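K.L.:
Below you'll find the structure I mean.
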Amino acid sequence: MAIHEVFPNPTVKQVIFQVRFPNLFSMESLVGEYQRRIMARFPQAKLVFRRQLLIGHDMSDSSVERQEGEVADIEAAEKIWAFSSPAGVRLNLRTGSLDMASTSHKTYANPSHENRFRDVIEFVIANFLEVTHIPLFTRIGLRYIDECPVPERHSGRFREYYNTALCLDRFPLEDATEFQFLARVARGGYFLTFRESLKDIPDQAKLVLDFDGYALNVATSDYLPVVDRLHGIILAEFETSIKQPVYDHMRRAPEVGDGTP
């Protein structure tokens, strides 16, 4: 069953997009122009310093004054230019990567829906490339995290909802306190990390389906078709994982207080 609709109660809880590239030492001088270009959609901005943890660093030298140490800490910290949109999309820019996360999007590219995640990716990256002129992305990643309903802790009922990768024949759901499955596979020149796990939420269990697709060493001129292919791989795996009761769940209006955005 191919998914061509936008569900009122989707299982996806977060979608994440990331590109990596060789460290761009001129990023600090370029970020102001990039901010100006995306400000209409990402009006909120802040500069974050993330400290690097130094393993085995000698802290016994008491000759360095505290003030000098604080300055050194700031200089050694990683700078992250963080932007956010009123629609709930967060964008982080570093000297070697750009990532974006959304909890509000219900579709990647459905033409009948205005709020498409693909459009945001295209806006963010097109403006980034116009400012930086980077020729290569060393990695492009697209990740979907879904929280899916578990009707009850019963292996038979669970199989009515899912084509699960969990080994229920050996470890029945009725006895499980924790369940995880991990697979890393190649798909036609692309890669996918798939995680399936049972998550306990107060009074209600959830099945977490985590699809992390990525491609390596992509010319920036080809980034959007590559993201489209990654989305196709993820969508196919999602469709393989779920059965009709999950489609019925997504078509229902969300209940008040169920945490659905």
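K.L.:
Rounded to the nearest 20 Debye, what is the dipole magnitude of the stretch 131-202 about its Cα centre when Lys and Arg each give +1 and Asp and Glu each give -1 at the C-beta?
P.N.:
Details: 10 positive and 10 negative charges, 101 e Å.
I would put it at about 480 debye.
K.L.:
Using a Gaussian network model of the chain with C-alpha springs under 10 Å, which one of Arg94, Arg139, Arg187 is most mobile by mean-square fluctuation?
P.N.:
Comparing Arg94, Arg139, Arg187 in the GNM, the peak value goes to Arg187.
K.L.:
Would you tally the net charge around Gly213, using a Cβ to Cβ cut-off of less than 10 Å, leaving Gly213 out, and scoring K and R as +1, D and E as -1?
P.N.:
+1
K.L.:
Label points 7 Å out from Cα along the Cβ direction at Tyr247 and Lys46: separation in nm?
P.N.:
Going by the 7 Å Cα→Cβ label model, 4.4 nm.
K.L.:
OK, next. Among Val185, Val208, Val227, which one moves the most in a GNM of the chain with springs linking Cα atoms closer than 10 Å?
P.N.:
Between Val185, Val208, Val227, it is Val185 that shows the largest mean-square fluctuation.
K.L.:
Using θ = phi - 60° and the Karplus form 6.51 cos²θ - 1.76 cosθ + 1.60, what ³J(HN,Hα) does each residue of the stretch 102-116 get, whole Hz, x for Gly and Pro?
P.N.:
For the stretch 102-116, the Karplus-derived couplings read 9, 10, 10, 7, 10, 8, 7, 8, 4, x, 8, 10, 7, 8, 10 Hz, x marking Gly and Pro.
K.L.:
If I model a spin label as a point 7 Å beyond the Cα along the Cα-Cβ vector, how far apart are those points for Thr240 and Ser104 in nm?
P.N.:
Reported label-point gap for Thr240 and Ser104 is 3.4 nm.
K.L.:
For Lys206, give me every one of the lysines with a C-alpha distance below 29 angstrom, ignoring sequence neighbours fewer than eight places off in its own chain.
P.N.:
Lys13, Lys106, Lys243
K.L.:
Please give the charge dipole size of the stretch 140-261, origin at the Cα centre, charges +1 on K and R Cβ atoms and -1 on D and E Cβ atoms. Round to the nearest 20 debye. Walk me through the numbers before you get to the answer.
P.N.:
Working: 14 positive and 20 negative charges, 69 e Å.
Here the size comes out at about 320 debye.
K.L.:
Show me the trypsin sites (Lys or Arg not before Pro) within the stretch 1-51 that DSSP assigns to loop and that have at most 10 other Cβ atoms within 10 Å of their Cβ.
P.N.:
Those that pass, being in a loop and sparsely packed, are Arg51.
K.L.:
Taking the Cα of Asp210, stepping 7 Å toward and past its beta carbon, and measuring to each backbone N in the stretch 153-197: which are under 14 Å?
P.N.:
The answer is 179-184, 193-197, whose backbone nitrogens lie closer than 14 Å to the label point.
K.L.:
Now for a separate question. What does the charge count near Pro22 come to, summing +1 for each Lys or Arg and -1 for each Asp or Glu among other residues with Cβ under 13 Å from its Cβ?
P.N.:
Result for the local shell: +3.
K.L.:
Only loop residues by DSSP count here, and only those with at most 12 other Cβ atoms within 10 Å; note down the GluC sites (Glu not before Pro) in the stretch 74-157 that meet that.
P.N.:
Working: sites: Glu75, Glu78, Glu114, Glu122, Glu130, Glu147, Glu152; in loops: Glu114, Glu152.
Those that pass, being in a loop and sparsely packed, are Glu114, Glu152.
K.L.:
When the helix-only estimate is applied to the chain (DSSP H runs of n ≥ 4, each -39,500 (n - 2.57), divided by the residue count), what is the mean residue ellipticity at 222 nm, nearest 500 deg cm²/dmol?
P.N.:
Values: 6 runs with 73 residues, N = 261.
Computed mean residue ellipticity for the chain: -8500 deg cm²/dmol.
K.L.:
I've got another one for you. Let me check I've understood the local charge: for Phe137, count other residues with C-beta under 13 angstrom from its C-beta, Lys and Arg +1, Asp and Glu -1. What total comes out?
P.N.:
0
K.L.:
Within the chain, which DSSP H helices have Cα atoms that stretch 24 Å or more along the helix axis and a mean Kyte-Doolittle hydropathy of at least 0.0?
P.N.:
The qualifying helices are 223-241.
K.L.:
If I stretch the segment between Val6 and Arg153 completely, what's the gain in nm (0.36 nm per residue apart, minus their alpha carbon distance), one decimal?
P.N.:
50.0 nm
K.L.:
Based on C-alpha coordinates, I'd like the Rg and Dmax of the chain, in Å.
P.N.:
Over the chain's Cα set, Rg and Dmax evaluate to 21.6, 69 Å.
K.L.:
Can you give the charge dipole size of the chain about its Cα centre, rounded to the nearest 20 debye, using +1 on the beta carbon of Lys and Arg and -1 on the beta carbon of Asp and Glu?
P.N.:
Numbers: 30 positive and 36 negative charges, 129 e Å.
That gives a dipole near 620 debye.
K.L.:
At 0.36 nm per residue, and after removing the present C-alpha to C-alpha distance, how many nm does the segment from Asn23 to Glu130 gain when stretched out fully? Could you put the intermediate results ahead of the total?
P.N.:
Values: separation 107, 0.36 × 107 = 38.52 nm, distance 1.71 nm.
Value of the extension gain: 36.8 nm.
K.L.:
With labels modelled as points extended 7 Å from the Cα through the Cβ direction, what inter-label distance (nm, one decimal) is found for Ala183 paired with Asp169?
P.N.:
According to this spin-label approximation, the distance is 1.5 nm.
K.L.:
Grab the beta carbon distance between Glu160 and Ser112, set R0 = 30 Å, and tell me the FRET efficiency rounded to 0.05.
P.N.:
My answer for the efficiency is 0.50.
Read-outs throughout are calculated quantities, based only on the coordinates presented, and are distinct from any laboratory measurement. What you see is a predicted model; the values in this text were computed from it and never measured. We place every Cβ from the backbone using ideal geometry, glycine too, and count neighbours over all the protein chains shown.
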